[in-house]
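What follows is one structure encoded as structure tokens, with my remarks underneath.
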Amino acid sequence: MRAMKVAIWSVMCAWLLAGCASFPASERQVRQAEPAAPELDIQSWHTSGGARVMFVQSEALPMLDVRLVMNAGGARDGDLPGLAAMTSALIGEGAQGLSVDDIARGFEDKGAQFSSGSYQDMAVISLRTLSEPQWRDPALTLLARVAGQPTFPRDALERIRTQMLQGLKMERQVPGPQVQKAYQKLLFGDHPYGHAEGGTLESLPRIQRQDLVDYHQRYYTAGNTVIALVGDVSRAQAERIAQRLSDALPQGGAAPSLPRARTLSARKVEHLTFPSTQTHILLGNQATWRGDPDHVALYVGNYILGGGGFASLLTQEVREKRGYVYGISSYFKPMAAGGPFTVQLQTANDNASDALALTLDQIRRFIAEGPSEEELTMAKDNILGGMALETADNSDIIGQLGAIGFYDLPLDYLQRFNQQVRDLTVADIQAAMRKAVDPDHLAIVSIGPEAPALPVMQTVESNESQGKDQ
């Protein structure tokens, strides 16, 4: 036994020394060792029913991940906020000839995992199963039945409705959800992105079973669906699986495009009075959309400003140096028909006015001056180093595939993203941020005992398109 341990240790030492020999020791070697762009062999085609298929073969594990992505999110609710969320919640609660227990037991007995969800743009149905036909085929048969023939049982409808109504009532007891919904409404107004995708206390009781049936028949159609497949199956097998799922869905075309969200052309302010020990503040404006040519510049610029955690400027200036806030961050959220730039912060009530003033000043300064070369270099290194994690396993890949297919992005989107990050300059970020965000035209929503004082607006010398439609 001792001899075996010595032999193993010798092999490990040799392996480690071999690794050290190739470790980058010069600037040139470091550059050559930069993280490569995730390389995925994405194959794409359409089923006879019009579903777009996105497929990546992966033999690393004997698994298959399937994701159906429908253009059926909360933006399609119409005059019944919460309809998309309720429809999604009831997928899996009953299918033709099957109860909710039959469905749950059916997936569990086959070692498969099933889930569904709804967001502003999309509804998602996911399955993870073993790739061996004896397990895979029955799981896919059950998935096709659940996704294509839901029964929306009345008892399940009432149970889900009660849960959603209770959730809305609980949200009234905490500040976070209230300020988020008020911000969303102030920012988007009557646009489909402006209403609460989880519904309201007034809308949820109005939703009837027939509304769910009609919604499913209209928006869960094959022609309105992206079928993403990742796993240990061949192209021929993937084609048969995709066609089988497409045939199981209602037949119909794609949903019409949403109108583009409008950018606020003036400051809008709202305060919600709430007896909390902290003041929550959200501020921002409609700024981007999926497919925006400035996406990479905005992404990297925001990483430096407020999206990079403790390394970001807002965290350093507002939290670390002044201690005004418990947390502060910013993000761009690109969607099909728009996407806000948002800064969110939480602060002690006594610090709210100072924290807001400093935050607005930092935003204005960053938009006017842009980042430094050092800040940009650090951001690039961090972003490129983390990109490998975006495709670390099949569950990550399936998410990327679904988004690429749904938003009609190039098949080499991830490689392009990496290269664009590398090529980005300070001037690129400065121009993109100035075009996307006017610091004097922001929605500012707060919740707490008293409204924070607003600083006097200043004008940034900048672009002619601020305040116009994106």
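The values are calculated or read from the model by the stated rules, or taken from the named source; none is laboratory data. If you're wondering where the values come from, they're calculated on a predicted model, not measured in any experiment. As a convention, Cβ positions derive from the backbone with ideal geometry for all residues, glycine included, and neighbour counts pool all protein chains shown. All accessible areas refer to the heavy atoms of the entire protein, side chains included, with ligands and DNA or RNA removed. Shrake-Rupley method; radii C 1.70, N 1.55, O 1.52, S 1.80 Å.
Quick notes on this one:
- Sites matching trypsin sites (Lys or Arg not before Pro) across segment 63-158 that sit in DSSP coil, with at most 14 neighbouring C-beta atoms within 10 Å: none
- Angstrom value of the Kirkwood radius, inverse mean 1/r, which spans all Cα pairs in segment 180-323: 20.3
- Net charge of neighbours whose Cβ lies under 13 Å from the Cβ of Q420, counting Lys and Arg as +1 and Asp and Glu as -1: -2
- Protein-only accessible surface at a 1.4 angstrom probe places the residues K181, K380 in the order K181, K380, largest first.
- GluC sites (Glu not before Pro) restricted to segment 153-223 and DSSP loop, no more than 14 other C-beta within 10 Å: E202
- Per residue, segment 32-162 exposes 42 Å² of accessible surface when a 1.4 Å probe is rolled over the protein heavy atoms with every protein chain present.
- Taking all protein chains into account, the per residue accessible area for segment 287-417 stands at 40 Å² (1.4 Å probe).
- Rounded accessible area per residue of segment 191-243, 1.4 Å, Å²: 36
- For the chain, the C-alpha radius of gyration sits at 1.10 times the compact-globule guess of 2.2 N^0.38 Å, with N the residue count.
- Element breakdown for the chain at a 1.4 angstrom probe: carbon and sulfur atoms account for 52% of the accessible area.
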